[in-house]
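Q: One structure, as structure tokens, below. Some questions next.
The values are calculated or read from the model by the stated rules, or taken from the named source; none is laboratory data. Not measured: the values here are computed from a predicted model. Backbone-built Cβ (ideal geometry, glycine too); neighbour counts: all protein chains shown. Calculation scope for accessible area: heavy atoms of the full protein, side chains included, ligands and nucleic acids excluded. Shrake-Rupley method; radii C 1.70, N 1.55, O 1.52, S 1.80 Å.
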Amino acid sequence: LQIPPDTSCVHSDCVILLGSSPRVCIDEVSAMVEQGDQVDSKVHYAPFNYVAPPKKIACGVHHSFSVSNVNPYSVNFLPETSATIVYGWGRNVHNVLGFGDDKVAFSTPTKIDSSDFAKPPGVYEVASGVNHTLFLVKLPHGPGGEIWGCGLGNRGRQGYLNPDRHEDDTPEVEDIWVVQGGPQRIPIGQGVPIARVVCGADHSIVLDLHGLLYAWGVNTDGQCGVGHHRDVIEPEPVVMPTAKGGQVLVAHLAAGGKHSCFVTAKEGGAGGSAGGKLYVWGCNAQGRLGIGSEVNQLTPVLLEAL
């Protein structure tokens with residue numbers, strides 16, 4: 001099976017872009033056989049008709065999203081006065097799709113009708129964890145954007161405390177709560193526009209236009225990179241390493257279930273860093289950080305093997 005480069009996959013559900021003809025790829029090896037049905041281990045293709053062809057996609061464990069900037073009624077790009085179109089489908093447990101928690105599953109792509117997403121230019125990209133989702137919504141003027149979230153909220157997954165919390169709730173002891181209705185905006189730092197967003201299983205990291213990182217969410221193994229292993233309820237700056245007396249800048253980032261990493265950017269000017277160095281942190285079970293040990297790292301450390 002030749003898998004094209006524009007592929008996103010988590011566990012047994014895959015969404016594959018095949019040019020202008022999207023398909024869904026379903027690996028049924030892990031399917032539950034409850035009624036004696038014969039289930040083979042082949043990869044199956046099924047037509048998956050989108051109203052608007054997707055340009056960007058994202059997958060959680062049991063849910064998926066697509067973002068389109070193409071007019072659903074023609075082959076032309078949407079005008080600058082229109083917002084992108086966002087679709088979600090799959091399991092909606094804890095309102096992870098942002099449709100409200102009154103329906104637990106959507107078997108076909110369904111448009112997310114949020115008034116905040118309808119303002120051009122709209123959603124730029126989506127990132128999903130196990131039970132939470134983040135949307136990077138571009139600002140109408142200038143680069144970057146803001147982060148909006150939906151899904152499970154406790155333990156810092158949404159980057160703020162439960163708006164309906166009880167007086168005796170604390171970050172350590174709080175009821176399970178979910179974002180009600182559509183996605184809600186997440187305040188981050190000093191309001192610097194955000195350039196990228198990634199989600200681990202239960203934590204999130206964003207890159208702002210200054211090249212700095214902010215993280216929040218479940219932090220049991222130090223996956224937020226803030227120097228401790230307490231859950232991070234509101235976005236905190238990642239403890240960044242220094243190079244030649246200055247703080248390194250980030251070019252690209254990624255998050256696994258309980259670990260994170262980034263690649264440094266090239267710095268301009270005489271004596272500037274050449275970039276391309278990989279830093280890792282978080283859970284290091286089975287050597288997932290690649291640093292030659294299995295000790296968790298609470299802040300980014302250089303992966304010297306590369």
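Q: Going by average Cβ density within 10 Å per residue, which order do the peptides 201-210, 279-288 take, highest to lowest?
A: On the way: 201-210: 23.1, 279-288: 18.8.
In decreasing order of mean packing, 201-210, 279-288 become 201-210, 279-288.
Q: Then there's this: How would you rank 61-68, 252-259, highest first, on the average number of other Cβ atoms within 10 Å across their residues?
A: Highest-to-lowest ranking by the protection proxy: 61-68, 252-259.
Q: Something else: Quick check for you: with a 1.4 Å probe and neighbouring chains kept, what is the accessible area per residue of the stretch 160-303, in Å²?
A: Here the per-residue accessible area is 49 Å².
Q: So for the stretch 79-204, Kirkwood radius off the Cα pairs, Stokes-Einstein at 20 °C and 1.002 mPa s: how many µm² s⁻¹?
A: 142
Q: At 0.36 nm per residue, minus the direct Cα-Cα distance, what do Gln180 and Lys119 gain on full extension? Give it in nm, one decimal, please. Numbers along the way, then the final one.
A: Details: separation 61, 0.36 × 61 = 21.96 nm, distance 2.07 nm.
My answer for the length gained is 19.9 nm.
Q: Continuing with the same structure: With r as the distance between the Cβ atoms of Lys55 and Asp168 and R0 = 45 Å, compute the FRET efficiency 1/(1 + (r/R0)^6) and round to 0.05.
A: 0.45
Q: Using every Cα-Cα pair within the stretch 143-205, state what percent have a distance larger than 18 Å.
A: Every Cα pair in the stretch 143-205 considered, those over 18 Å come to 39 percent.
Q: Provide the FRET efficiency to the nearest 0.05 for the Ser82-Glu294 pair, computing r from the beta carbons and using R0 = 35 Å.
A: About 0.10, to the nearest 0.05.
Q: Just to confirm a number: summing +1 for Lys and Arg and -1 for Asp and Glu over residues other than Gly287 whose beta-carbon lies under 15 angstrom from that of Gly287, what do you get?
A: That works out to -1.
Q: Right, here's the next one. For the pairs Lys138/Lys258; Lys56/Lys119; Lys56/Lys111, note any where the Cα-Cα span goes beyond 24 Å.
A: Beyond 24 Å: Lys138/Lys258.
Q: Give a residue-ordered list of calculated ³J(HN,Hα) values for the stretch 185-190 (Karplus: 6.51 cos²θ - 1.76 cosθ + 1.60, θ = phi - 60°; whole Hz; x for Gly, Pro).
A: 6, 10, x, 9, x, 8
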